[in-house]
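Below: the structure, in structure tokens.
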Amino acid sequence: MPKIKVALVGVGNCASALVQGLQYYGTRSKDECVGLRNPLLGGFHPKDIEVVAAFDIDGRKVGKDVSEAIFAEPNNVTRLADVPLSNVVVHKGPVLDGLGEYTKRVVQVSGHPEANVALVLKESNAEIVLNLLPSGAVNASHWYAEQALISGCAFVNATPSFIASDAGWAQRFEMAELPVVGDDLIDQVGSTTLHKTLLRLLSLNGVHITETYQLDVGGGTESLDTLDRTRDVKRAVKTKSVEAALPYAAAVVAGSTDYVDFLQNRRDSYFWIRGVHFCNVPMQIDLKLSTVDAPNAGSVLFDVLRAVKMALERKLKGAVEPVCVYGFKHPPHLMALETAEKLFGQFVTEE
Ligand SMILES: NC(=O)c1ccc[n+]([C@@H]2O[C@H](COP(=O)([O-])OP(=O)(O)OC[C@H]3O[C@@H](n4cnc5c(N)ncnc54)[C@H](O)[C@@H]3O)[C@@H](O)[C@H]2O)c1
């Protein structure tokens, strides 16, 4: 199979889990790929994904080989695999709004000169730019989307900045004849998906939900960034997505809530659901889900990158709806989970 050449924007926890996952699964046969939803997708194995360029701003990562940078502080994701030298060096990008009030206390901006990002993308033959910037870095995300357009690369936006779901940006990718997917990646064991599935199951069984919330605490840099910059936007995206699971209005709150440093890259998600069933008798559910944040993105990222490669091969342009609804919390158009699954299934099996 041809390689899927990816440029990483942001070498944080999520990028670390992705690169470690490529090493972990790279030597395993299809049947040994435990923990992946799709060991093979469109004929592609995870080993077909290759990181060819990387950008960051932190002095502990810039100038280092990717295999070393992914373990540099403040990254705190669990060690999943030993990664050999990749011969891909992390370049410095412009800081723009990459740092928030809290994260500027933990990120050490590199003194290296800024790279010509578009040139690096071209020279490395990158075909997909994967945006893993902090969720508050809206301007920087837009800037890297611009570099993807200039360099003729597809764009995957894992962050909650609106790009694939923004009609103006989607049109720009359409005019450049390039695919774009986003926004805000869905996790493999995602609190939003779990919340929606529970609500849907209950409402299918005739339970009338009156109120529900889902809040979580995490210890990664991303949770710290959320504190001052993106709690509102993340909450709005998640709440809207969860509300769509119920066929009637209920009081719904869903979204990140706080940072607890000793959790490291762990995330604890709390679910509360209250409703009434037979003869108006009340019921309630009180649940906790514990996950490690960054590896939770790996399986979905593998699928999204392979699906975007298929979109490139089919010369698709603009927002690729089946990939957006399958892999992201804020696609251009929200759909029921079953419809999204069906669309994606058709997309990856079509010739
Ligand atoms: N499970 C998941 O990890 C998951 C799920 C859904 C969405 N996401 C999204 O993925 C993104 C990355 O998450 P993360 O946990 O890896 O975050 P992180 O904070 O660990 O990593 C962000 C990286 O970007 C770098 N950076 C900051 N400004 C930059 C700039 N201007 N140019 C280049 N690099 C810059 C930082 O130094 C850091 O290395 C976030 O937007 C998050 O919301 C992650």
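Right, Leu119: away from the ligand (no atom under 15 Å from the Cβ) and open to solvent by 90 Å² or more (accessible area, probe 1.4 Å) or not?
For Leu119, the condition - away from the ligand (no atom under 15 Å from the Cβ) and open to solvent by 90 Å² or more (accessible area, probe 1.4 Å) - is not met.
Quick one: in the stretch 306-323, which of the residues that are closer than 17 Å to Phe344 by Cβ and either among the charged types (D, E, K, R) or within 11 Å of the chain's Cα centre (by Cα) (or both) is nearest to the ligand (Cβ to nearest atom)?
Arg306
Which condition does Pro113 not pass, out of (1) more than 9 Å from the ligand (Cβ to nearest atom); (2) part of a loop (DSSP other than H, G, I, E, B); (3) in contact (Cβ under 8 Å) with a residue 24 or more places away in the chain, if it passes all the others?
Single failed check for Pro113: (3).
Is the stretch 42-53 home to any residue that is in contact with an Asp or Glu (Cβ under 8 Å, 6 or more places away or on another chain), on the phi < 0 side of the Ramachandran plot and not basic (Lys, Arg)?
no
Counting only residues that are in contact with a helix residue (DSSP H, G or I) (Cβ under 6 Å, 6 or more places away or on another chain) and within 23 Å of Ala297 (Cα to Cα), which one in the stretch 135-152 is farthest from the ligand (Cβ to nearest atom)?
This residue is Gly136.
Within the stretch 206-222, track down each residue that is under 30 Å from Gln108 (Cβ atoms) and in contact (Cβ under 8 Å) with a residue 60 or more places away in the chain.
Gly218, Gly219, Gly220, Thr221, Glu222 - these are the residues of the stretch 206-222 that are under 30 Å from Gln108 (Cβ atoms) and in contact (Cβ under 8 Å) with a residue 60 or more places away in the chain.
Can you confirm whether Val300 is closer than 17 Å to Leu185 by Cβ and aliphatic (A, V, I, L, M)?
yes
If Phe278 satisfies all but one of (1) over 25 Å from the mean Cα position of the chain (by Cα); (2) of a type outside the set (A, V, I, L, M); (3) closer than 30 Å to Val11 by Cα, what's the number of the condition it fails?
Result: Phe278 passes all but (3).
The values are calculated or read from the model by the stated rules, or taken from the named source; none is laboratory data. Bear in mind the structure is a predicted one, so any value in this text is a computation, not a measurement. Glycine gets a Cβ as well: all are built from the backbone with ideal geometry, and neighbour counts include every protein chain shown. In case anyone asks, the SASA skips ligands and DNA or RNA and just uses the protein heavy atoms, side chains included. Shrake-Rupley method; radii C 1.70, N 1.55, O 1.52, S 1.80 Å.
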